[in-house]
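Here the structure is laid out as structure tokens; the discussion comes afterwards.
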Amino acid sequence: FKMYPGRVISKLLCSGEKEVDLAVQSAKAAFKIWSQMSGMERSRVLLEAARIIREQREEIATLETINNGKSIFEARVDIDISWQCLEYYAGLAGSLAGEHIQLPGGSFGYTRREPLGVCVGIGAWNYPFQIACWKSAPALACGNAMVFKPSPFTPISVVRLAEIFTEAGVPKGLFNVVQGGVATGQFLCHHPDVAKISFTGSVPTGIKIMEMAAKGIKPVTLELGGKSPLIIFSDCALENAVNGALMANFLTQGEVCCNGTRVFVERKILDVFTKEVVKRTQKIKIGDPLLEDTRMGALINRPHLDRVQGFIKQAKEQGAEVLCGGDLYVPDDPKLKNGYYMRPCVLGNCTDDMTCVKEEIFGPVMSILPFDTEEEVVERANNTKFGLAGGVFTRDIQKAHRVVAALKAGMCFINNYNVSPVELPFGGYKASGFGRENGRAAIEYYSQLKTVCVEMGDVESVF
């Protein structure tokens, strides 16, 4: 594999209405076979898929780096999380069950947990392979089929996942991939044989998907944007808090929906914290994402890079101070000169009413804001339309739990940030969406309950 920044690495045909229908019909046929298999049988197939991914970790991570531009170091983590996700749901597949309820007179009722049918997954470009696993693993564990549409900016690695599922032994067509943009997504959402839609992406697109799903009364899971608060109290372990702030802002070039981009710092330690964050940010190694020591690769494409740069320009116009970075980066290696690189940026002198503090930038831009009291910072932290994540750094564990209880966010971190254990549910409040990925909670969103009431005596008629 070689990196060719700014150049076409492959061309794929968009799936039109005919191709989408073929994919759905293929998945529908495979669903009939897969849904009749026992949970243990499905578990063995998912475990085999996890084994293949684990065995081919380096090859898939390299493919993902070329696909997305993130560092190979991070891509390996994504692939590890992916196979762990498949293993986790393989473990749950054999234990999915309903319950028995005793009724008067020897009668009884029971519930069955049944699959939905053909589910649609629509992925984002920041974690292409990992998101596909997060959506497909619980869907397949519950007995569903899935048609997956990756972002047109990162179409490649999900195709490899489809091949791996086939190698692992799923029925042909159980996990199908269609390629394309808005039109392909619309065909999927409107298709009468689609039972459920799970989408990761922007709020405007999430609104449109919800509207389309409503016409078919289809359930949706929406994992949308964020403008998450990261609260640094003066009693924190400073080095740990600085590490947390870097993790909360600069993973995957800052292109992470749950990033803690509003960094609230207690005024007592504002100067020392800011100085250390700037020093560490300036040391981040940017460049060829396939090199082992690179810690930040290139942004996804030119329009997005321009958009992020526009936010920084606007921040300066509104009074924010660029403490470091924010400018374009041109690597020394001539083969990287057309890459979409920028230096990670830290903004100081920020206020809550600035656009850079209110809107999701989705790039390597951290905004630092001072605060004085716990009550004040909680109110400011919640003053957003988003509610995906939030974080707290403090040595006072009572305060930590008190603050996260008050945060209106679906995923909260105490003395860490942006860790993604597959055992824990992930999803947002408010405009950040609803439904959950990962954990046992995802089972609820990929299955439905059937209630059966059994009468053991004579029917007493009121007629």
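Tabulated results
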quantity	calculated
Close pairs (9 angstrom Cβ cut-off, 6 or more residues apart or separate chains): assigned by the TED database to the domain that holds S82 and at pLDDT 95 or above in the stretch 43-58, open to solvent by less than 20 Å² (accessible area, probe 1.4 Å) and outside any helix (DSSP H, G or I) anywhere	V45/V170; L46/V170; A49/V170
In the stretch 56-91, residue farthest from N438 (Cα to Cα) [restricted to those that are within 15 Å of the chain's Cα centre (by Cα) and of a type in the set (A, V, I, L, M, F, W, C)]	A75
The stretch 340-361, residues that are out of contact with any Leu (no Cβ under 9 Å at 6 or more places or on another chain) and surrounded by 18 or more Cβ atoms within 10 Å (Cβ to Cβ)	E360, I361
Top-ranked residue in the stretch 418-463 [being open to solvent by 90 Å² or more (accessible area, probe 1.4 Å) and acidic (D, E); ranked as nearest to S35 (Cα to Cα)]	E444
Selection from the stretch 57-75 of residues that are basic (K, R), more than 17 Å from I164 (Cα to Cα) and in a helix (DSSP H, G or I)	none
Lone unmet requirement of (1) closer than 29 Å to I209 by Cα; (2) in a helix (DSSP H, G or I) for R42	(1)
Yes/no for S82 being part of a loop (DSSP other than H, G, I, E, B), open to solvent by less than 30 Å² (accessible area, probe 1.4 Å) and under 24 Å from V170 (Cα atoms)	no
Of all residues making up the stretch 319-328, the number that are loosely packed, with under 15 Cβ neighbours inside 10 Å and either in contact (Cβ under 8 Å) with a residue 24 or more places away in the chain or within 12 Å of G339 (Cβ to Cβ) (or both)	3
Complete set of residues in the stretch 160-173 that are under 18 Å from K70 (Cβ atoms) and among the aliphatic types (A, V, I, L, M)	L161
Members of the stretch 209-234 found to be open to solvent by less than 20 Å² (accessible area, probe 1.4 Å) and part of a helix (DSSP H, G or I), listed by number	I209, A213
Qualifying residue in the stretch 392-408 (condition: under 25 Å from G206 (Cα atoms), surrounded by 22 or more Cβ atoms within 10 Å (Cβ to Cβ) and out of contact with any Asp or Glu (no Cβ under 7 Å at 6 or more places or on another chain))	no
Yes/no for G206 being open to solvent by less than 20 Å² (accessible area, probe 1.4 Å), modelled with pLDDT of 95 or more and within 28 Å of E374 (Cα to Cα)	no
Per-region count, the stretch 32-42, residues in contact (Cβ under 8 Å) with a residue 40 or more places away in the chain and either of a type outside the set (S, T, Y) or not assigned by the TED database to the domain that holds M146 (or both)	6
Criterion (within 18 Å of G225 (Cα to Cα), out of contact with any Phe, Trp or Tyr (no Cβ under 9 Å at 6 or more places or on another chain) and of a type in the set (A, V, I, L, M, F, W, C)) met by exactly one of V365, V357	V357
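The values are calculated or read from the model by the stated rules, or taken from the named source; none is laboratory data. Not measured: the values here are computed from a predicted model. With ideal geometry, Cβ positions are generated from the backbone for all residues, glycine too; neighbour counts draw on all protein chains shown. Accessible surface areas use protein heavy atoms only, side chains included; no ligands, DNA or RNA. Shrake-Rupley method; radii C 1.70, N 1.55, O 1.52, S 1.80 Å.
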